[in-house]
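Engineer: Next up is a structure, given as structure tokens.
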Amino acid sequence: MKKIESENDLAINGAPPAFDQPLHVGRPNIGSREAFMKLAGEMFDRRWLTNNGPLVQEFEQRVASYHGVKHCVAMCNGTIALEIAIRALNLAGEVIVPSYTFIATAHALSWQGITPVFADIDPHTHNLDPEAVRRMITARTTGIIGVHLWGRAAPVEALQQIADEHELKLMYDAAHAFGCSHGGKMIGNFGACEVLSFHATKFFNTFEGGAVVTNDDELAETMRLMRNFSFSGFDNVIHIGTNGKMIEIAAAMGLVNLDAVESVIATNKRNHLTYREGLSGLQGISLLAFDETERNNYQYVVMEVGEECPLSRDRIIEALHAENILARKYFWPGCHNMKPYLDLYPGACLMLPGTEKVADSVVVLPTGTAMDSSMVKAVASVIRVLVKGNV
Ligand code: T4K
């Protein structure tokens, strides 16, 4: 790691990069390897590798109790979990979603012939704007999928009110919100159900994995069947199903990582505060804040580059990449600007000014256990030199 003190130290000006090895936004956090190997050994001895094994069952119970929710239905990834929740809720026709989200939120609908209708976000929160949701309701609308972007809760009370008024189903893509709360209540307890992702790049991972959490007994049972081809008993299939099962080795990783989850959150919080200090007072640069009265996982460090910043967002990204800091433009350019949605709604950008603004201004910075404080300080000092030097 090289010190960056002036413009002459910057890689875009011909100096060697600040870091020898690339820094990634989604570097996995990995708990005790010994504990993982022990669970893997026991799994091999049992010869039970998938199909609702004991590790998956234990994992489900621990995730449910961590979120204070009745049911956790573990799946092979967050996208399949979204698809199964959507199908179990009988969503059809049109479903309102934000465009400012990972493409999986929209794809999970389109994959089953449902039209995602994009509502704008509030540029201050990056989450759905309830008034924009109201504007997109038509006779074909059957539901709303809110996203708790960056782990900060969507406007759950307002969305519930809209859903109740219009008799719409409401569920959440909570892929970012493992371990977060809203109004003191853990995520997992809002809407009909909420979908978690345990992908390797999430702060809590099961290699690949996901789950639907819900307090609805019937819904949970339907999803349990659907993730296993809808087999009810040995030779009896009762409705359409798929293969969405979590495997035992993924649950083993989850159990081990659950033991480490509080310490990972503490590291993320420390990194967040170190970035906040390192980036303070820079013209046009701000860091998205978390409500400290809630539980947060701090897994995304979201920097916004405003119009007053002397450098463009893309120039900052280019300069960071030259230093081996692989910052990301999540979720640029917005789902509505990617196919097939671009062809479906060619004029959508006019309806989504908040989405366009935020998608053009965000830089997500590396954090997690792969980043110590000195690395975070070094990334912040690169940005300081860049912005102050106005290169
Ligand atoms: N809804 C929302 C709101 C989501 O954000 C996501 C997933 C989903 C639904 C769907 O859940 P899953 O079906 O994925 O469970 C990554 C993840 O693949 C994706 O899971 C995640 N959101 C999204 C925000 O980020 P990419 O395209 O950015 O991945 P990639 O391959 O560029 O990796 C990101 C960085 O992490 C790279 O710099 C490399 C590094 N990395 C990655 C992996 C896999 C590592 O260092 N080690 C690794 O093992 O999508």
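Engineer: Evaluate the following for Thr242: is it more than 16 Å from the ligand (Cβ to nearest atom) and more than 23 Å from the chain's Cα centre (by Cα)?
Structural biologist: Against the criterion (more than 16 Å from the ligand (Cβ to nearest atom) and more than 23 Å from the chain's Cα centre (by Cα)), Thr242 does not qualify.
Engineer: Can I ask one more? Could you grab the pairs with beta carbons closer than 7 Å, sequence gap of 6+ or different chains, first residue in the range 92-115 and within 17 Å of Leu159 (Cβ to Cβ), second one near the ligand (Cβ under 9 Å from one of its atoms) and of a type in the set (D, E, K, R)?
Structural biologist: Thr101/Asp173; Thr105/Asp173
Engineer: Turning to a different aspect of this structure: Test Gly306 against the stated conditions and say whether it is touching a residue at least 12 places away in the same chain (Cβ under 8 Å) and surrounded by fewer than 19 Cβ atoms within 10 Å (Cβ to Cβ).
Structural biologist: Taking the combined requirement at face value, the residue satisfies it.
Engineer: Can you find, within the range 246-281, the residue that is least open to solvent (accessible area, probe 1.4 Å) among those that are among the small types (Gly, Ala, Ser) and over 20 Å from the mean Cα position of the chain (by Cα)?
Structural biologist: Ala252
Engineer: Tell me, which residue of the range 173-189 that is among the aliphatic types (A, V, I, L, M) and either assigned to a loop (DSSP other than H, G, I, E, B) or within 14 Å of the ligand (Cβ to nearest atom) (or both) is most open to solvent (accessible area, probe 1.4 Å)?
Structural biologist: Checked the range 173-189; the qualifying residue most open to solvent (accessible area, probe 1.4 Å) is Ala175.
Engineer: Please find, within the range 315-357, the residue that is most open to solvent (accessible area, probe 1.4 Å) out of those that are closer than 30 Å to Pro16 by Cα and in contact with an Asp or Glu (Cβ under 9 Å, 6 or more places away or on another chain).
Structural biologist: Trp332
Engineer: Could you list, in sequence order, the residues of the range 136-172 that are away from the ligand (no atom under 16 Å from the Cβ) and part of a loop (DSSP other than H, G, I, E, B)?
Structural biologist: Met136, Ile137, Thr138, Ala139, Arg140, Pro155, Glu167, Leu168
Engineer: Among (1) away from the ligand (no atom under 15 Å from the Cβ); (2) closer than 26 Å to Trp332 by Cα; (3) not acidic (Asp, Glu), there is one condition Ala92 misses while meeting the rest; what is its number?
Structural biologist: Failing condition for Ala92: (2).
Engineer: Kindly provide the set of residues from the range 57-82 that are within 16 Å of the ligand (Cβ to nearest atom) and β-branched (Val, Ile, Thr), ordered by number.
Structural biologist: Scanning the range 57-82 gives Val63, Val73, Thr79, Ile80.
Engineer: If we keep just the residues of the range 190-222 that are outside any loop (DSSP other than H, G, I, E, B) and more than 16 Å from the ligand (Cβ to nearest atom), which is most open to solvent (accessible area, probe 1.4 Å)?
Structural biologist: Going through the qualifying residues, I end up with Glu218.
The values are calculated or read from the model by the stated rules, or taken from the named source; none is laboratory data. As the structure is a computational prediction, the values presented were derived from the model and not from experiment. Positions of Cβ are backbone-derived with ideal geometry, glycine not excepted, and every protein chain shown enters the neighbour counts. With ligands, DNA and RNA removed, areas are computed over all heavy atoms of the protein, side chains included. Shrake-Rupley method; radii C 1.70, N 1.55, O 1.52, S 1.80 Å.
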